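Trainee: Here you go, one structure.
The values are calculated or read from the model by the stated rules, or taken from the named source; none is laboratory data. Predicted model only: the values in this text are computed from it and were never measured. Neighbour counts are summed over all protein chains in view; Cβ atoms, including those assigned to glycine, are modelled from backbone coordinates with ideal geometry. Surface areas here come from the heavy atoms of the whole protein model, side chains and all, with no ligands, DNA or RNA. Shrake-Rupley method; radii C 1.70, N 1.55, O 1.52, S 1.80 Å.
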Amino acid sequence: MMMTNRTPILFLNVLIIATCGLIYELLAGTLASYVLGDSVTQFSLIIGIYLFALGAGAWLSRFIESGLARRFIEVELGVALWGGASAPLLFFSFAKLSYFPIVLYGVVLIVGALVGLELPLLMRILKDNLDFKDLVSRVLTFDYVGALFASLLFPLFFVPKLGLVRTSLVFGALNAGVGLWATWFMRPLIRGGVAGLRVSAVVILSLLTIGVIKANKLTSLVEDDLFADEIIYSRTTPYQRIVVTRGRAGFQLFLNGHLQFSSADEYRYHEALVHPAMALADAPRRVLVLGGGDGLALREILRYASVEQVTLVDLDPEMTRLSAAFPPLAALNKHAFDDPRVHVINADAMIWLEENSPEYDCAIVDFPDPNSFALGKLYTTRFYRLLKQRLAPGGAVSVQCTSPLFARNSYWCIIKTIETAGFSVRPYQNAVPSFGVWGFALARRAPFDPPVTAPDGLRFLDAQAMASMFVLPRDLGPVPVEINRLDNQALVRYYESEWKRYD
């Protein structure tokens, strides 16, 4: 039956289908990267499985020989249900099930196969209204335009404004709305009654709408199982999931589920990170902090009267604004971001180093552990060479380097990579109860002796503790490792293999 006057509406369907389909793919890839790490591997697997599933769905469409409009609506409702529920389902599965990857890839297969069914069915519905060449060109054009919309809006709007769970539910509701709408504009093509289809669409749309309204509650239910203590602050940004919990000993910050610090003992970490480099730099005036958006390294740097300017470069604006949004953190970092000497830049640290040329007397490198390739690049020879170019003569650098006990290969990979970049390096370690034995690197261009003094008034570090940090027991000693370069990311492989033993 001809539907010439409704052809534009069907092409609008193509646009919506393409947008929703790619959103579900991006949701699965992002969620997998958040909870499993190694974003390159996870996105590669998700994309590969999803594309395979699209092909499988397109192949299965050949077996649908009649009732195309009815089958299209049924498939659309299936996409709405499975795609819309995908993010909350996957979050619950990660919290409750040991075989989460099976559920993850299974959901991607199902959603991909259903989306793969949609376009072939629509093209067959449209074939009586257009020449084949016009049909193919227009369908593919709207398909690719929809994909562009999804790829632009997902990181820029949906994730930061709605979060993963609500985004999933919103697009599921959109698919359900299209399915319900189709029962009217495709009515001439549907044999028999449509009451069942409309009831199904309304039920699915209602459930997903309730989910959108209760999305924060759904997320809280999942995260309550993932974290031992009460969640008192959470936010999803374009870059990460920020969660703050509160226990008997204080509060803890987690990024993408990984502990960054505990307020009970963070001073042992930050005093060890900052003061050796500041002492070695000898009354530094200009200090660079890379990472450290919590402001706790800033607190230690600002103790020095010689400091005239501190530049902090952190990718995520929500991280550097966390002190303002969460007053206990501002109290813990002693309102460091309010100090007029502090200048905050929200940018990728590697790109910023490539584009800026001021010199600094001291640099504090406080990135999260290299659990993904996006972070691994910040531990490469290329990064450290860029950093060396920004150091004044006699300038000093300290770098957090993960645990030399639990991730010995990772630790020494970082040390050897810094040396390969042209630094003289002294490895050191400290015990932080929340993390265990933790490792650092102190570096400058020329060979040097470790500092032997520490500022007065610190809670942990004194001259004796300073000296003991640079003594590494035999079980923390050097091991043969590869150098971490942009083209091999050996560090990420070391890190994944070592830390997964403790998951």
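Residue-by-condition table, conditions (1) closer than 17 Å to T30 by Cα; (2) among the hydroxyl-bearing types (S, T, Y); (3) more than 36 Å from the chain's Cα centre (by Cα):
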residue	(1), (2), (3)
F142	no, no, no
P160	yes, no, no
G177	no, no, no
L180	no, no, no
R187	no, no, yes
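Trainee: When you go through P404, P358, P370 one by one, which is the residue that is modelled with pLDDT under 95, surrounded by 23 or more Cβ atoms within 10 Å (Cβ to Cβ), part of a loop (DSSP other than H, G, I, E, B) and not β-branched (V, I, T)?
Mentor: Selected residue: P370, the only one of P404, P358, P370 that is modelled with pLDDT under 95, surrounded by 23 or more Cβ atoms within 10 Å (Cβ to Cβ), part of a loop (DSSP other than H, G, I, E, B) and not β-branched (V, I, T).
Trainee: Any idea how many residues of region 407-453 are over 25 Å from the mean Cα position of the chain (by Cα) and on the phi > 0 side of the Ramachandran plot?
Mentor: 1
Trainee: Pairs under 8 Å by beta carbon, first residue more than 30 Å from S306 (Cβ to Cβ) in region 361-383, partner part of a strand (DSSP E or B), six or more apart or different chains?
Mentor: Every condition considered, the pairs that remain are D369/H258; N371/H258.
Trainee: Please list, ordered by residue number, the strands (runs of 3 or more DSSP E) wholly in region 220-303 having 3 or more residues that are farther than 30 Å from F448 by Cα and under 21 Å from the mean Cα position of the chain (by Cα).
Mentor: Because the criterion is at least 3 residues that are farther than 30 Å from F448 by Cα and under 21 Å from the mean Cα position of the chain (by Cα), the strands (runs of 3 or more DSSP E) in region 220-303 that meet it are 230-236, 241-247, 250-255, 258-262.
Trainee: Looking at V40, V75, which is the one that is of a type in the set (A, V, I, L, M) and within 26 Å of the chain's Cα centre (by Cα)?
Mentor: From the options V40, V75, the qualifying one is V40.
Trainee: Give the residues of region 473-491 that are of a type in the set (A, V, I, L, M, F, W, C), modelled with pLDDT under 95 and not in a helix (DSSP H, G or I), sorted by residue number.
Mentor: Selection gives L486 alone.
Trainee: Among T402, T420, which is over 18 Å from L273 (Cα atoms) and polar (S, T, N, Q)?
Mentor: T420
Trainee: Inside region 386-401, can you point out the residues that are in a loop (DSSP other than H, G, I, E, B) and either at positive phi or open to solvent by 10 Å² or more (accessible area, probe 1.4 Å) (or both)?
Mentor: Result: R390, single match.
Trainee: From the list G211, G177, G192, pick out the single residue that is out of contact with any Gly (no Cβ under 7 Å at 6 or more places or on another chain), outside any helix (DSSP H, G or I) and either in contact (Cβ under 8 Å) with a residue 12 or more places away in the chain or small (G, A, S) (or both).
Mentor: Going through G211, G177, G192 in turn, the sole match is G192.
Trainee: For E482, state whether it is touching a residue at least 40 places away in the same chain (Cβ under 8 Å), over 24 Å from G394 (Cα atoms), touching a helix residue (DSSP H, G or I) at 6+ places or on another chain (Cβ under 9 Å) and open to solvent by 50 Å² or more (accessible area, probe 1.4 Å).
Mentor: yes
Trainee: Turning to a different aspect of this structure: Scan region 300-325 residue by residue and report those that are farther than 21 Å from N256 by Cβ, touching a strand residue (DSSP E or B) at 6+ places or on another chain (Cβ under 6 Å) and among the hydroxyl-bearing types (S, T, Y).
Mentor: The answer is T311, and nothing else.
Trainee: Let me ask something else. Find the residue count for region 458-472, including only residues that are in a loop (DSSP other than H, G, I, E, B) and open to solvent by 70 Å² or more (accessible area, probe 1.4 Å).
Mentor: 3
Trainee: Does K334 qualify as being in contact with a helix residue (DSSP H, G or I) (Cβ under 8 Å, 6 or more places away or on another chain), of a type in the set (D, E, K, R) and part of a loop (DSSP other than H, G, I, E, B)?
Mentor: Spelling it out, K334 is indeed in contact with a helix residue (DSSP H, G or I) (Cβ under 8 Å, 6 or more places away or on another chain), of a type in the set (D, E, K, R) and part of a loop (DSSP other than H, G, I, E, B).
Trainee: With D294, D282 as the choices, which residue is without any contact (Cβ under 8 Å) to a residue 60 or more places away in the chain and not small (G, A, S)?
Mentor: D294
Trainee: Still on this structure, I have one more. Out of (1) assigned to a strand (DSSP E or B); (2) open to solvent by 50 Å² or more (accessible area, probe 1.4 Å), the odd one out for V452 is which?
Mentor: Here V452 clears every test but (1).
Trainee: OK, next. Check region 356-368 and report whether any residue there is small (G, A, S) and under 20 Å from the mean Cα position of the chain (by Cα).
Mentor: no
Trainee: Continuing with this model, one more query. Which of the residues that make up region 177-230 are polar (S, T, N, Q) and either closer than 22 Å to E76 by Cβ or surrounded by fewer than 20 Cβ atoms within 10 Å (Cβ to Cβ) (or both)?
Mentor: Answer for region 177-230, where residues must be polar (S, T, N, Q) and either closer than 22 Å to E76 by Cβ or surrounded by fewer than 20 Cβ atoms within 10 Å (Cβ to Cβ) (or both): T183, S200, S206, T209, N216, S220.
Trainee: The conditions are (1) assigned to a helix (DSSP H, G or I); (2) in contact (Cβ under 8 Å) with a residue 24 or more places away in the chain, and A324 fails exactly one of them. Which is it?
Mentor: For A324, the exception is condition (2).
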